[in-house]
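Working notes for the structure below.
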Amino acid sequence: MPAATSTGQDVAQRLLDDGYVIVSGMMSAAGLQSAAADLGRVLASVPTGRNPFEGLDTQRVYALFAKTRTFDRAAVHPLLLDVLDRVLGHYQLSAPVGICIGPGEQAQILHRDDAVYPLPQPCPPVVVNTMWPLDEFTAENGATRFIPGSHRWEPGRRPAAGDPVLPATMSPGSVMFYLGSLWHGGGANRTARPRLGVILEYAAAWLRPQENQCLAVPRSVVRQLPERLQELLGYNIYPPFLGYVDGVHPRKVLPAGD
Ligand SMILES: O=C(O)CCC(=O)C(=O)O
């Protein structure tokens, strides 16, 4: 299994070849402990999902970077950015979400994260997702499920009975990178304890992010963050000028406003 010390080239190549790759050692024990504790605080006031896709027994922490500082470092992890540079080129945070799958939750329908974009298929990678477990991910408690090789399926093919669906079993500190074209979904939780993980999903910077980060995270919060994270939260352009504000780079409007 590649580790956080592996090269971006190696991890990116495995991601492109296999559609996913699990990398160990991406978060420290202290970082994991504070992330789990802080998300526990946030989850205390988060309702369960509104439909089977969100999960009727699952809580989702949207607007993640407005609510916790414990994923600021993860979002700009040097290996992660190296891989994204190679696979997506220019990119932004699209859907950073805490996902707490409660006991009794059913398996989420398998889906592709890039299906929200009406692009002709096949197309080059435009979405890379990363799943950061904060609990041990097991087949029983709802580890993310995926179909290996499905990122290479011919356009229009959908999962069918008999397709191999594997659980991404992994420990906190490891991270699963997966392409937006890989069929996957949250697993059923058949245990008595919740399963907590965080997805940091990135999309090509010329697409709309799934969640509008510029509205989700107050400017007063973004001003306190490192510049690269500000850029990933939307205060950047796709060259030459996609995303400008009043004719200037969005970084220039950051000092003003709430
Ligand atoms: O929670 C998981 O393991 C995956 C969730 C997912 O794929 C989604 O909500 O889009």
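The values are calculated or read from the model by the stated rules, or taken from the named source; none is laboratory data. In this text, all values refer to a predicted model and were calculated from it rather than measured experimentally. Using ideal geometry, Cβ is built from the backbone for each residue, glycine included, and neighbour counts are taken over all protein chains shown.
Return yes or no: is PRO133 farther than 26 Å from THR48 by Cβ, surrounded by 15 or more Cβ atoms within 10 Å (Cβ to Cβ) and touching a residue at least 60 places away in the same chain (Cβ under 8 Å)? Working first, answer last.
On the way: farther than 26 Å from THR48 by Cβ: no; surrounded by 15 or more Cβ atoms within 10 Å (Cβ to Cβ): yes; touching a residue at least 60 places away in the same chain (Cβ under 8 Å): yes.
Criteria not met by PRO133.
Residue under question is ARG14, and the condition is that it be part of a helix (DSSP H, G or I), in contact with a Pro (Cβ under 8 Å, 6 or more places away or on another chain) and basic (Lys, Arg); does it hold? Walk me through it before giving the result.
Details: part of a helix (DSSP H, G or I): yes; in contact with a Pro (Cβ under 8 Å, 6 or more places away or on another chain): yes; basic (Lys, Arg): yes.
Against the criterion (part of a helix (DSSP H, G or I), in contact with a Pro (Cβ under 8 Å, 6 or more places away or on another chain) and basic (Lys, Arg)), ARG14 qualifies.
Looking only at the range 220-258, count every residue that is surrounded by 14 or more Cβ atoms within 10 Å (Cβ to Cβ) and under 20 Å from the mean Cα position of the chain (by Cα) and tell me the total.
Looking only at the range 220-258, we keep the residues that are surrounded by 14 or more Cβ atoms within 10 Å (Cβ to Cβ), and these are 221-222, 225, 229-238, 243, 245, 249-251, 253-254.
Filter once more, so that each one left must be under 20 Å from the mean Cα position of the chain (by Cα): 222, 225, 229-236.
Total satisfying the criteria: 10.
Given PRO167, PRO159, PRO194, which one is closer than 22 Å to LEU56 by Cβ, over 16 Å from the mean Cα position of the chain (by Cα) and within 10 Å of the ligand (Cβ to nearest atom)?
Details: PRO159 fails: within 10 Å of the ligand (Cβ to nearest atom); PRO194 fails: within 10 Å of the ligand (Cβ to nearest atom).
Sole residue among the options that is closer than 22 Å to LEU56 by Cβ, over 16 Å from the mean Cα position of the chain (by Cα) and within 10 Å of the ligand (Cβ to nearest atom): PRO167.
When residues of the range 81-113 are filtered for being within 27 Å of ARG41 (Cα to Cα) and among the acidic types (Asp, Glu), how many remain?
1
Yes or no: the range 173-180 includes at least one residue that is surrounded by 24 or more Cβ atoms within 10 Å (Cβ to Cβ), more than 10 Å from the ligand (Cβ to nearest atom), of a type in the set (Ser, Thr, Tyr) and modelled with pLDDT of 95 or more.
No: the range 173-180 contains no residue that is surrounded by 24 or more Cβ atoms within 10 Å (Cβ to Cβ), more than 10 Å from the ligand (Cβ to nearest atom), of a type in the set (Ser, Thr, Tyr) and modelled with pLDDT of 95 or more.
Between ILE147, ILE109, ILE101, which is buried (at least 21 other Cβ atoms within 10 Å of the Cβ) and under 25 Å from ASN189 (Cα atoms)?
Details: ILE147 fails: buried (at least 21 other Cβ atoms within 10 Å of the Cβ); ILE109 fails: buried (at least 21 other Cβ atoms within 10 Å of the Cβ).
Unique residue meeting the criteria: ILE101.
List the pairs whose first member sits in the range 93-107 and is of a type in the set (Ser, Thr, Tyr), whose second member is part of a strand (DSSP E or B) and within 12 Å of the ligand (Cβ to nearest atom), and whose Cβ atoms are under 8 Å apart, counting only residues at least 6 apart or on separate chains?
SER94/VAL127; SER94/GLU201
Using beta carbons and a limit of 6 Å, which pairs, at least six apart or on different chains, have the first residue in the range 42-55 and on the phi > 0 side of the Ramachandran plot and the second one within 14 Å of the ligand (Cβ to nearest atom)?
GLY55/GLY49; GLY55/GLU105
Among residues belonging to the range 203-219 that are hydrophobic (A, V, I, L, M, F, W, C) and in a loop (DSSP other than H, G, I, E, B), point out the one that is surrounded by the fewest Cβ atoms within 10 Å (Cβ to Cβ). Show your work before the answer.
Filtering the range 203-219 down to residues hydrophobic (A, V, I, L, M, F, W, C) leaves 203-207, 214-217.
Remaining after also requiring in a loop (DSSP other than H, G, I, E, B): 205-207, 217.
Values: ALA205: 22, TRP206: 14, LEU207: 17, VAL217: 23.
If we take residues in the range 203-219 being hydrophobic (A, V, I, L, M, F, W, C) and in a loop (DSSP other than H, G, I, E, B), then TRP206 is surrounded by the fewest Cβ atoms within 10 Å (Cβ to Cβ).
Test of understanding: among ILE199, ILE237, which residue is of a type in the set (Val, Ile, Thr), within 14 Å of the ligand (Cβ to nearest atom) and either closer than 22 Å to ASN129 by Cα or in contact with a Ser or Thr (Cβ under 6 Å, 6 or more places away or on another chain) (or both)?
Numbers: ILE237 fails: within 14 Å of the ligand (Cβ to nearest atom).
The match here is ILE199.
List the helices (runs of 4 or more DSSP H) inside the range 26-140, counting only whole elements, that have at least 1 residues being over 19 Å from the mean Cα position of the chain (by Cα) and either among the hydroxyl-bearing types (Ser, Thr, Tyr) or more than 13 Å from the ligand (Cβ to nearest atom) (or both). So that I can check it myself, show each step before the final result.
Working: elements: 29-43, 64-67, 72-75, 78-87.
Because the criterion is at least 1 residues that are over 19 Å from the mean Cα position of the chain (by Cα) and either among the hydroxyl-bearing types (Ser, Thr, Tyr) or more than 13 Å from the ligand (Cβ to nearest atom) (or both), the helices (runs of 4 or more DSSP H) in the range 26-140 that meet it are 29-43.
Within the bounds of the range 35-57, is there any residue that is among the small types (Gly, Ala, Ser), more than 28 Å from ILE147 (Cβ to Cβ) and touching a Ser or Thr at 6+ places or on another chain (Cβ under 8 Å)? Give the derivation first.
Restricting attention to the range 35-57, the residues satisfying the condition of being among the small types (Gly, Ala, Ser) are 35-37, 40, 44-45, 49, 55.
Next cut, more than 28 Å from ILE147 (Cβ to Cβ) only: 35-37, 40, 44-45.
With the extra rule that they be touching a Ser or Thr at 6+ places or on another chain (Cβ under 8 Å), the set shrinks to 35.
So far as the range 35-57 goes, yes, one or more of its residues are among the small types (Gly, Ala, Ser), more than 28 Å from ILE147 (Cβ to Cβ) and touching a Ser or Thr at 6+ places or on another chain (Cβ under 8 Å).
Given VAL198, VAL175, which one is in contact with a Gly (Cβ under 6 Å, 6 or more places away or on another chain) and in a strand (DSSP E or B)? Full working, then the answer.
Numbers: VAL175 fails: in contact with a Gly (Cβ under 6 Å, 6 or more places away or on another chain).
Criteria check complete, one pass: VAL198.
Among the numbered conditions (1) more than 24 Å from VAL83 (Cα to Cα); (2) without any contact (Cβ under 8 Å) to a residue 12 or more places away in the chain, tell me where PRO218 comes up short.
For PRO218, the exception is condition (2).
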